[in-house]
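Engineer: Structure in structure tokens, see below.
The values are calculated or read from the model by the stated rules, or taken from the named source; none is laboratory data. Nothing here was measured: the structure is a model prediction, and the numbers come from that model. All Cβ positions, even for glycine, are placed from backbone atoms using ideal geometry, and neighbour counts span all protein chains on display. Keep in mind that these areas ignore ligands, DNA and RNA; they rest on the heavy atoms of the full protein, side chains included. Shrake-Rupley method; radii C 1.70, N 1.55, O 1.52, S 1.80 Å.
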Amino acid sequence: MTALLGPSHIAMVAKGVSAIVASRDAALRPSIMRAVGSHISGDGQEVTVYLRRSQSEQLLQDIAHTGEIAVVFSVPSTHQTLQLKAHRATQRPAHDGDLPVLQAYLQSMVQEVGQVGYGPQYVGAMLAAPLQDVVAVTFTPTSAFDQTPGPRAGAQLCTPPTPPVPLP
Amino acid sequence: MSTAAPSLHSIRPCLEGAIPAIMATCDPDGTPNVAYISQVVYVDAVHVALSFQFFNKTRQNIVRNPRASVLVLDPVTAHFYRLHLLYERTEDSGPVFESMRAQLAGIASHAGMAEVFELKGADIYAVERIESVAGEGLPAPAPRSGLLHTLRLCSESIARCSGLDELLQCALQGLQDKLGIQHAMVLMLDASAQQLYTVASCGYATSGVGSEIRLGQGVIGMAARERTPVRISHMTHAALYSHAIRESMDAHATPDAPPLRGLDIPYPGLPEPHSQVAVPLLSAGRLLGVLFAESPEDMRFGFEDEDLLVGIAGQLAAAIDLLQAAPDTPEPLPTPIAAPPVSGSALRVRHFAANDSVFINDDYLIKGVAGAIVWKLLRDHQHTGRVDFTNRELRLDPALRLPDVADNLEARLLLLQRRLQENCPHIHIEKTGRGRFRLCVLRPVVLEEA
């Protein structure tokens, strides 16, 4: 399987950086919310973002109905930015097993956002996430884009393998 | 939390650019896209402007599918709001565009990314709905109290002023005492020269009275040209808006200008401003000048400071206009008095007709209309010994080439008075009544037409 993400991009997401999730409804109206946590598998094939249901009703509904998801990951201090997209995503309520992921994410964000001048209390309020309100959304990225600000923003990292065309 | 929809006004702290906003769009093929945007700017109660910097996916999407959803975050309470927007149009000139361009230069400089932050357009969106997103957040700070009272105090002291000099001093004093703004200046428009000249300042090592800024140049020139407040929260190296001002400002020097010292009067601004705000002085629809304040601190001026300064600028402009339009010399001239005793070595005063620049002992004093005025006064004084003059005769003197309307004569006389005070204490001008003044020459003067 061709790797969509290189080690540096996987490491960037794995560290726990700003993550914003978007989808859209049947009328192509976009929906959006900040994730309260994220996780990426070691091979970069499986990405999970955590959203608060109470903050993301439309977004979760749109993901459920259309399968479409776009997530932008960004390092606040360097503006290094990556966007992942997929056409299919699954949802499940968060459970106790997700707690370490959420806590590690919060710690990383306290450090990252602290570098641009916001204290732990602020980051804690921004990412407050009572477990019973959290939904895990998992997807396999099918496209990835470098979105670090600048004229080259939007460049696709690499094209996923196309399925073989059946011979006539 | 999502009961009553918040107004755009109520979420203005989120639109200060302290925390980048994030925008979701959707391709007509159904693929969503999410991207950071540098600015979400309050335009009016139902519109925002977003910066358009790159021809990227967001841009492609919005042109083909005009719906957008933008997530903003309150920089104090950590409370999220979602704006549901509909793209209307893009502006690539005008007040909104220029004030965003200035702000963006400041943000870019702060982010160390000046070269990639160029504003191509201000995308204007209708705000269809604002959602308050659920969440705990932090307690909201107590609202800044007493802003209206501050405005009242400034307004009261402005309303008591009966002369231009007093008015400008009072306004700047008000900024210092009541708003804690330590560095400020007032610049007046010279419409024919398309320049602004400093008539009063506070907080600087040198007053800079007489220094000039072209329309469109820097924060001040842009506020004047576009007749819009321009406010920058981070700007040490926003080259377009600060350091460029330090270049030669004499755009109108004639080639045969004297090869003496330059005609530039140093602009008094801070060497490394971090926050600046420039507010146009408008009266009856006419631009009179600019009220400008700056600070060595980042984020010193918020939208409420801007609101307050716009309020003060409105009254200041109206008062300047009224004082300048006051009828000249309603009563007869006072009995001429004997000229004060003259002693000491002679002052050599040279006049260059090409630009009406005047030099005293090789030091540049002033040019333009104010230069022509001082030259006329000194010649009359030398020929006839007179010391008392009226604004009216200056207005009627064709040699001074004062414009028919809005000649800013009072401001030009004030400028001249200040320049003499600072550079040639042996010649000064005293107001002797409304529309009247007296020339005092304390040393012999030798006039030379160059």
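Engineer: Only one of A:26, A:3, A:22 is more than 19 Å from residue A:128 (Cα to Cα), within 14 Å of chain B (Cβ to nearest Cβ), small (Gly, Ala, Ser) and part of a loop (DSSP other than H, G, I, E, B). Can you tell me which?
Structural biologist: A:26
Engineer: Let me ask another. If you take the residues in the range B:122-139 that are crowded, with 17+ Cβ neighbours inside 10 Å, more than 10 Å from every other protein chain (Cβ to nearest Cβ) and not small (Gly, Ala, Ser), which one is farthest from residue B:65 (Cα to Cα)?
Structural biologist: Taking the candidates together, the pick is B:130.
Engineer: Taking the range A:6-19, which residues are in a loop (DSSP other than H, G, I, E, B) and either at pLDDT 95 or above or more than 17 Å from residue A:144 (Cβ to Cβ) (or both)?
Structural biologist: Residues satisfying the conditions are A:16, A:17.
Engineer: Does the range A:54-69 contain any residue that is touching a Leu at 6+ places or on another chain (Cβ under 6 Å) and either away from chain B (no Cβ under 14 Å) or in a strand (DSSP E or B) (or both)?
Structural biologist: So far as the range A:54-69 goes, no, none of its residues is touching a Leu at 6+ places or on another chain (Cβ under 6 Å) and either away from chain B (no Cβ under 14 Å) or in a strand (DSSP E or B) (or both).
Engineer: Specify which of the listed residues (B:29, B:92) is free of Cβ contacts under 8 Å to residues at least 12 places away in the same chain, surrounded by fewer than 19 Cβ atoms within 10 Å (Cβ to Cβ) and among the acidic types (Asp, Glu).
Structural biologist: B:29
Engineer: When residues of the range A:76-113 are filtered for being buried (at least 17 other Cβ atoms within 10 Å of the Cβ), among the charged types (D, E, K, R), under 23 Å from residue A:60 (Cα atoms) and within 14 Å of another protein chain (Cβ to nearest Cβ), how many remain?
Structural biologist: Going through the range A:76-113 one residue at a time, the tally reaches 1.
Engineer: If you don't mind, another one. Taking the range A:131-151, which residues are open to solvent by 20 Å² or more (accessible area, probe 1.4 Å) and more than 9 Å from chain B (Cβ to nearest Cβ)?
Structural biologist: Across the range A:131-151, the qualifying residues are A:131, A:132, A:138, A:140, A:142, A:146, A:148.
Engineer: Pairs under 7 Å by beta carbon, first residue open to solvent by 20 Å² or more (accessible area, probe 1.4 Å) in the range B:43-62, partner β-branched (Val, Ile, Thr) and assigned to a helix (DSSP H, G or I), six or more apart or different chains?
Structural biologist: Every condition considered, the pairs that remain are B:43/B:96.
Engineer: Specify the residue that is least open to solvent (accessible area, probe 1.4 Å); the eligible residues are those in the range B:152-185 that are touching a Leu at 6+ places or on another chain (Cβ under 6 Å) and of a type in the set (D, E, K, R).
Structural biologist: Of everything passing the filter in the range B:152-185, B:165 is least open to solvent (accessible area, probe 1.4 Å).
Engineer: I need the full set of residues from the range A:94-106 which are free of Cβ contacts under 8 Å to residues at least 60 places away in the same chain and touching a strand residue (DSSP E or B) at 6+ places or on another chain (Cβ under 6 Å), in order please.
Structural biologist: We begin by selecting, within the range A:94-106, every residue free of Cβ contacts under 8 Å to residues at least 60 places away in the same chain; these are A:94-97, A:99-100, A:103.
Within the range A:94-106, just A:94 meets the criteria.
Engineer: Inside the range B:383-450, counting only strands (runs of 3 or more DSSP E) that do not spill past its ends, which hold 2 or more residues that are under 20 Å from residue B:353 (Cβ atoms)?
Structural biologist: B:445-449
Engineer: Determine whether the range A:73-87 contains at least one residue that is under 22 Å from residue B:134 (Cβ atoms) and touching a helix residue (DSSP H, G or I) at 6+ places or on another chain (Cβ under 6 Å).
Structural biologist: Looking through the range A:73-87, none of the residues is under 22 Å from residue B:134 (Cβ atoms) and touching a helix residue (DSSP H, G or I) at 6+ places or on another chain (Cβ under 6 Å).
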